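> I am attaching a structure below and will ask some questions about it afterwards.
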Amino acid sequence: MNEPSSVTLGWLGRFAQSWLPVCLLGVSLGANVYLGIKMDHPAVVSTARIKLGDRFPVVAAETLAGNQVRLGWASNTGQTVIYVFSPTCIWCARNLANIQALALNRGSRFRFIGVSLTKTGLHEYLAKNNLPFPIYSIDAKTAKETKLTGTPEMIVVSREGKVERDISGAFTGPTQKEVEAAFDIHLPGLLQKSEL
């Protein structure tokens, strides 16, 4: 009776010595590829979504000078484009040339406003990265209440204050095509990591 179990253990022992490391290496490589793709995905997914057609709320914000303001969206001048970003967001940095081109080329047709989800590091970020529109910051509570929690994100609000578009993520692939079609513009694309 001991004979078959020693043969079985011998087979398992040889398998563990020769093939188990190869299998574990394959699993490890697969996990690394998956995580690499997941980490490189430009869209930041937020569980709370802004609904198209809803009235966008007035937002309590702070100017760069530290003054408290209330940002309203109803406007006689046309639609408002709210660009939500964070100074530490790598995809916001990579999307910089796109949002600059959009604001510079369509600023006469749309009112652009930048909203940072933090004021930490904001002045240093703006000193290095020119955003050609007014910038405000909001606190975490306001961000949660207004569902402005993903970066980068761009919301287009009608002159009546209703949400017309909500575009999440950096402008690449289908998102870039959507922005280009909506604004009738050709965007330069994302900055490479080496350009940051």
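> Run the numbers for His186 and Glu124: contour at 0.36 nm per residue of separation, minus the present Cα-Cα distance, in nm.
Working: separation 62, 0.36 × 62 = 22.32 nm, distance 2.91 nm.
Length difference between fully extended and current span is 19.4 nm.
> Identify the GluC sites (Glu not before Pro) of the range 159-196 meeting these criteria: DSSP loop state and at most 13 other C-beta atoms within 10 Å of the C-beta. Walk me through the numbers before you get to the answer.
Values: sites: Glu160, Glu164, Glu178, Glu180, Glu195; in loops: Glu160.
Loop-located and lightly packed - Glu160.
> Of Lys147/Lys177; Lys119/Lys193; Lys128/Lys162; Lys51/Lys141, which pairs sit farther than 26 Å apart, going by alpha carbon to alpha carbon? Walk me through the intermediate numbers first.
Details: Lys147/Lys177 24 Å; Lys119/Lys193 24 Å; Lys128/Lys162 33 Å; Lys51/Lys141 19 Å.
Over 26 Å apart, Cα to Cα: Lys128/Lys162.
> For the peptides 108-115, 51-58, what is the packing order when you average, over each peptide's residues, the other Cβ atoms within 10 Å and list the highest mean first?
Details: 108-115: 17.5, 51-58: 13.8.
In decreasing order of mean packing, 108-115, 51-58 become 108-115, 51-58.
> So, in nm, how far is label Lys141 from label Arg159 when the simple model puts each one 7 Å beyond its Cα toward the Cβ?
So the label points at Lys141 and Arg159 sit 3.6 nm apart.
No lab work stands behind these numbers, since they all come straight from the coordinates. Computed from a predicted structure; not experimentally measured. Methodologically, a virtual Cβ is constructed for each residue, glycine included, from the backbone with ideal geometry; neighbour enumeration extends over all protein chains shown.
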